Amino acid sequence: MQPSFAPITAHGGRDYPTGYSLMNNGLLNKGTAYTDAERDALGLRGLLPARIFPIEQQVKRALGNLRAKNSDLNKYIFLNALQNRNETLYYRVVLDHLEEMMPIVYTPTVGQACLEYGAIFRRPRGLWITMKDRGRVAEVLANWPIQDVRLIVVTDGERILGLGDLGALGMGIPIGKLALYTACAGVNPYYCLPITLDVGTDNPSLLDDEMYIGIDQRRTRGEEYREFIEEFVQAVEARYPRCLLQFEDFGNHNAFDLLARYRDRVCSFNDDIQGTASVALAGLLSASRLQGMRLADQKLLFFGAGEAATGIGELFVAALRDEGLSEAEARAKCWFFDSKGLIVMSRDKLPANKRAFAQNVEPTDDFLAAVKQLRPSALIGAAGVAAVFTQEVVEAMAQSHSRPIIFALSNPTSKAECTAEQAYTWSKGTAIFASGSPFPAFEYEGRTLVSGQGNNVYIFPGVGMGVLASASSVVTDSMFLAAARELAAMVTEEELAVGRVFPTLTNIRAVSLRIATAVARIAHDSGYARVPRPADIEADIKQRMFEPEYPSYV
Ligand code: NAI
């Protein structure tokens, strides 16, 4: 059966609440935009001031109030309240002012919001399922009022952005991520459920804080943790069999473990590993275009070998395999340097994600020496260690390549491996630079150079929308590979000319539509889709995309 992406208002079309309860239902509420006829028909007369304001006026008022706030955290709190009160208006504001809203709805402000989550929590907007709920997770899940959830973003709060273990305070992340699914790809908010699995925290300042909102224990680990996750996954499968489960901000070890365990069994993915990989690969594809090189001509040296870095390595290998290289040839082009130095075969106790990339050379813990010896065409930083792409490192890159690729992906800005200005200046304007956090455009010898921000938001909303529209039973690497290619293909010649390796963010809905179409096509072609193939996949997805517009109730 075709999944029903009917507008929320159709929601049965008949059984929506009226009167005071309608005003308190954020999914349906129109606030002062209710017409006279609606006010009479729905029992709203008197609950609202007399004057009727169309949505454009409401947006204007909301923006005025928002911009008057004196801090980004206060703006976040204001937007959060608006989202609870009137989702349509919230998404209208966010979508029409995406570049202004993105840093408030998500990074960096969401990090601050998580730190303060105990103080700013007002009303439920998702579920906390705790270790103390073991044995009755299904009962807790049943408390969520929506019958047809299709998309869950779940975290256990262990690795929130660059902030580390925030335990139950991590809730801001799944909420923010789901808001981006709706704003950027039109996933209907009705289908979205944010979940935080509260398994305790090892953060001493939270354990000592009497106002901490999570369970008062250290993190459960090992078999007990795995059993708890399994109970959670089974509860989700039982209540929401068509649901896409996105794992978000889990600690390094658990992230890889959960991905390996569930990727073939449950419709799920890990954005920190696979989404990051896709956006970075898109950047490498655009950079190769700028250099006039093939992807297979690249040699990558990663600084860091965690979720982001080895995820990128694996997708790069998949891309090269797709271009005809053997597994060994593709892996020979990926080099990793972590806190112990170059990842080599002689190293003891390498975790599986690193072992897959160990090279048969002598060890070294001197990064500059490794750069000079290996002469990589691209440096990719994802270790969360600031300033490691030093002047000597960048100069060495520029000496061995006419257009060296320098991706400084660590977040936040203070953790970047180098700044855009440094990369451009030290490479004498030749570097192709992208970063995790945005940098302003930079003037170099009369040229304006614009770096790219490798923001995962280019990828995950479109992938999720494609999976939902096709009701795919799994999320595959081929989908992330296709997403990377679509994203790279959307970079225009003009954008490339100024150094941009990603399209401008204002195009995000078009980007997401294109990615969703490619992903749904793969689901249909590979037999993963659980709905009939529409005649025109793109048109089908487009008409399912949630538009923040008020329905007429009478
Ligand atoms: P992770 O904890 O999984 O991995 C960190 C890796 O860095 C580990 O392999 C560790 O051995 C290595 N490392 C740590 N200290 C080091 C040192 N002193 N020298 C060399 N290597 C060192 O973390 P994850 O998820 O891979 O994130 C890493 C960074 O990438 C973070 O700053 C994160 O913000 C950024 N990131 C950027 C994204 C983007 O630009 N779209 C998306 C995801 C992550």
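What follows is calculated from the coordinates using simple rules that are stated; it is not laboratory data. Here the structure is a predicted model, which is why all the values come from computation and not from measurement. Reconstructed Cβ throughout: ideal geometry from the backbone, glycine too, with neighbour counts over all protein chains shown.
Hey, fewest Cβ within 10 Å first, where do D271, D156, D366 land in order?
Details: D271 25, D156 32, D366 12.
Arranged by neighbour count, lowest to highest, D271, D156, D366 become D366, D271, D156.
In this simple spin-label approximation, T448 and D216 carry label points 7 Å from Cα along the Cα→Cβ vector, and these lie 5.7 nm apart.
Over the chain, dividing the summed -39,500 (n - 2.57) contributions of all DSSP H runs of at least 4 residues by the number of residues returns a 222 nm mean residue ellipticity of -12500 deg cm²/dmol.
Among DSSP bridges having both ends in the chain, what percentage is antiparallel? Round to the nearest 5. So the antiparallel bridges amount to about 15 percent of the total.
Ranked for footprinting exposure by Cβ neighbours inside 10 Å, fewest first, T107, T182 give T107, T182.
Between L207 and S339, what is the FRET efficiency for a Förster distance of 25 Å, r being their Cβ-Cβ separation, to the nearest 0.05? Computed FRET efficiency for L207 and S339 comes out at 0.45. The label point for E493 and the one for D366, both projected 7 Å from the Cα toward the Cβ, are 4.6 nm apart. The mean sequence separation of alpha-carbon pairs under 8 Å and at least six residues apart, normalised by the residue count of region 279-371, gives a relative contact order of 25 percent. Per the Debye formula on identical point scatterers at the alpha carbon atoms of region 54-266, with no solvent, log10 I(q)/I(0) at q = 0.08, 0.10, 0.12, 0.13 Å⁻¹ is -0.28, -0.44, -0.63, -0.74. Once the dipole of region 54-266 is set up with Lys and Arg at +1 and Asp and Glu at -1 on Cβ about the Cα centre, which of G126, L166, L66 lies farthest towards its positive end? Going by the charge dipole, the pick is L66. The stretch between E139 and R45, if pulled fully straight at 0.36 nm per residue, gains 30.0 nm over its current Cα-Cα span. Could you pull out the longest piece of the chain with no exposed loop GluC sites (Glu not before Pro) in it, calling a site exposed if DSSP puts it outside H, G, I, E, B and it has at most 16 other Cβ atoms within 10 Å? In short, 324-444.
What FRET efficiency comes out for D36 versus E538 if R0 is 51 angstrom and r is the Cβ-Cβ distance? Round to the nearest 0.05.
Taking R0 as 51 Å, the efficiency between D36 and E538 is 0.80.
Looking at region 54-266, the DSSP beta bridges with both ends there are about 5 percent antiparallel. Our summary gives region 54-266 a relative contact order of 22 percent, counting only alpha carbon pairs under 8 angstrom and 6 or more residues apart.
Taken along its principal axes, the alpha carbon cloud of region 138-232 reaches lengths of 40, 28, 23 Å, longest axis first. Extension gain for D525 to E223 (0.36 nm times residue separation, less C-alpha to C-alpha distance): 104.9 nm.
Here the ratio of the Cα radius of gyration of the chain to 2.2 N^0.38 Å is 0.98. Computed about its Cα centre, the charge dipole of region 54-266 is approximately 780 debye, with only Lys, Arg, Asp and Glu carrying charge at their Cβ.
When the Cα positions of V93, A260, Y240 are compared along the charge dipole of region 54-266, V93 comes out farthest toward the positive end, with charges on each C-beta of Lys, Arg, Asp and Glu. With R₀ fixed at 22 Å, the C-beta to C-beta distance from S414 to S71 puts the FRET efficiency at about 0.75. Of the beta bridges in region 274-456, as assigned by DSSP with both residues counted there, near 20 percent are antiparallel.
Note on K132: aspartates and glutamates with a C-alpha under 17 Å away, same-chain residues under 8 apart excluded, are D156, D198, D202, D216, E223, E224, E227, E230, E231.
Note on the chain: with charges restricted to the Cβ of Lys and Arg (+1) and Asp and Glu (-1), its dipole about the Cα centre is near 860 debye. Counting other Cβ atoms within 10 Å as a rough exposure proxy, the listed residues S278, S451 run S451, S278 from fewest neighbours to most. Here region 462-537 is assigned +1 on the Cβ of each Lys and Arg and -1 on the Cβ of each Asp and Glu. Its dipole about the Cα centre then comes out at about 260 debye.
Each of Q422, Y190, V463 was scored by the projection of its Cα onto the charge dipole of the chain, and the greatest displacement toward the positive side belongs to Y190; charges sit on the C-beta of Lys, Arg, Asp and Glu. Entry note, the chain: relative contact order of 14 percent, from Cα contacts under 8 Å with a spacing of 6+ residues.
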